[in-house]
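Any read-out appearing in this document is the output of simple, stated calculations on the displayed coordinates, not a laboratory observation. Predicted, not measured: the structure shown is a model, and the values here were computed from it. Neighbour counts run over all protein chains shown; Cβ positions are idealised from the backbone, glycine included.
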Amino acid sequence: MSPVPAATDSSSRQITVTEHLLLHQKKSPEASGVFTQLLYDLILAAKLIARSVNKAGLLDVLGGTGETNVQGEHVQKLDEFANRILIHRMERSGALCAMASEENADLISIPRQFAKGDYILIFDPLDGSSNIDVNINVGTIFSILRRISPREEEVTLGDVLQPGYQQVGAGYVLYGPSTMLVYTTGHGVHGFTLDPSVGEFLLSHAKITIPANGNIYSVNEGNLFYWNEATARAIASFKSRENPGKKPYSLRYVGSLVADFHRTLFYGGIFMYPLDYKNREKPRGKLRLLCEASPMAFLAEQAGGAASDGEQRILDIVPQELHQRVPLYVGAKEDVDFVTALLREG
């Protein structure tokens, strides 16, 4: 397996994420200081979450709260903490008119006492949080949209239910051996690593591209008996030579979307969370379109990859509800196109 590509120019490692944002702001006539401030506040929130994640075994933030969220999933203490941090920081940014979180049933409005902007932030505060008790990577996923209704009107759900291709920014923060920010504003994908000695995210991976010749497939094969025949055949192809790589792929599955996607981004191959029939309350799969599939699809395409729900491009899906779920196939374009074609054949 080839090493993860990193920036080779030593000077580039001294570029902070704020400097990188300002540099791209100057290059784009549509860029504004407001958008840069939004990302700056988001990064500050991520630093606060990272601090608590890194001390999780020493603080009273492990385990569940005893409650369930709107998804019917058990809420972890760190879920709740990360959600509070993001809402508290971002409602004060002056850049947002609304937010949506995986943990909240409804749209989150900006209190009247705070200035409002034209952007909407959608986020999963702590993806993979059920793994935190055993010290496995978790992360924050975010998507940024621009409102489509007139500014003088109240924000509605219609402002949020936009297809993914209308995102103006997306990314994630991975809390692991090191804390990494990976984001795109539609001009390539860039990765930054948090240097705890200076408290800054420094550019470590510029212009990330997904390798076209990866040999890893990632899926929860424990759901095998809940897949339809077409899905089972498509996934079985990666164990044989009947796939784009013409050789058996290796299986890697963490069970944290951020961690599995991050590996796919750097090593290639494909991550899959298919439609299954295990839970009748989730007939369209497990992953959320707006706060998980859509931002990851935006990143994948900007890195030269692709993302599909098995029928169509993820970024073309017009959401019908805030917490809509979709199947997800994301990674190297050749692998994603291959699976999508097999699933369309049935």
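Observations, loosely collected:
- Sorted on the mean count of surrounding Cβ atoms within 10 Å across their residues, most packed first, peptides 163-170, 287-294, 96-103 read 287-294, 96-103, 163-170.
- Degrees separating the helix 257-267 axis from the principal Cα axis of the chain, which is the longest one: 70
- Placed amide H near VAL189: partners under 5 Å, 5+ positions off or other chain: LYS207, ILE208
- Angle in degrees between helix 17-27 and the longest Cα principal axis of the chain, rounded to the nearest 10: 90
- Toward the positive end of the charge dipole of the chain, with +1 on the Cβ of Lys and Arg and -1 on the Cβ of Asp and Glu, the farthest Cα among VAL134, LEU290, PRO327 is that of VAL134.
- Estimated purely from DSSP H runs of n ≥ 4, each contributing -39500 (n - 2.57), the mean residue ellipticity at 222 nm for the chain is -8000 deg cm²/dmol once divided by its residues.
- Take 79-85, 228-234, 297-303 and order them by the average number of nearby Cβ atoms within 10 Å per residue, most first; the result is 297-303, 79-85, 228-234.
- Remark on ASP127: its backbone amide H falls under 5 Å from those of GLY139, THR140, ILE141, a criterion applied only to residues 5 or more positions apart or on other chains, H modelled at 1.01 Å from N.
- Legend: P(r) of the chain from all alpha carbon pair distances, 20 Å bins from 0, whole percents, reading 31, 60, 9, 0.
- Using θ = phi - 60° in the Karplus curve 6.51 cos²θ - 1.76 cosθ + 1.60, the 3J(HN,Hα) couplings for the stretch 111-123 round to x, 4, 6, 10, 5, 10, x, 10, 9, 10, 10, 10, 8 Hz; x is entered for Gly and Pro.
- Packing-based order for 176-187, 117-128, using average beta carbon neighbours within 10 Å, highest first: 117-128, 176-187
- Between PHE35, LEU96, ALA115, the Cα set farthest toward the positive side of the dipole of the chain (charges on each charged residue's Cβ, about the Cα centre) is that of PHE35.
- Quarter the surface of the alpha carbon convex hull of the stretch 187-287 and you get the mean projected area, 8.7 square nanometres.
- With K and R counted +1 and D and E -1, the other residues having a Cβ less than 14 Å from that of ILE210 yield a net charge of -2.
- Seen against the Cα atoms of the chain and their longest principal axis, helix 333-345 is set at about 60 degrees.
- Sum of side-chain charges, ALA300 neighbourhood, beta-carbon under 15 Å (Lys, Arg +1; Asp, Glu -1): -4
- With K and R counted +1 and D and E -1, the other residues having a Cβ less than 12 Å from that of GLY199 yield a net charge of 0.
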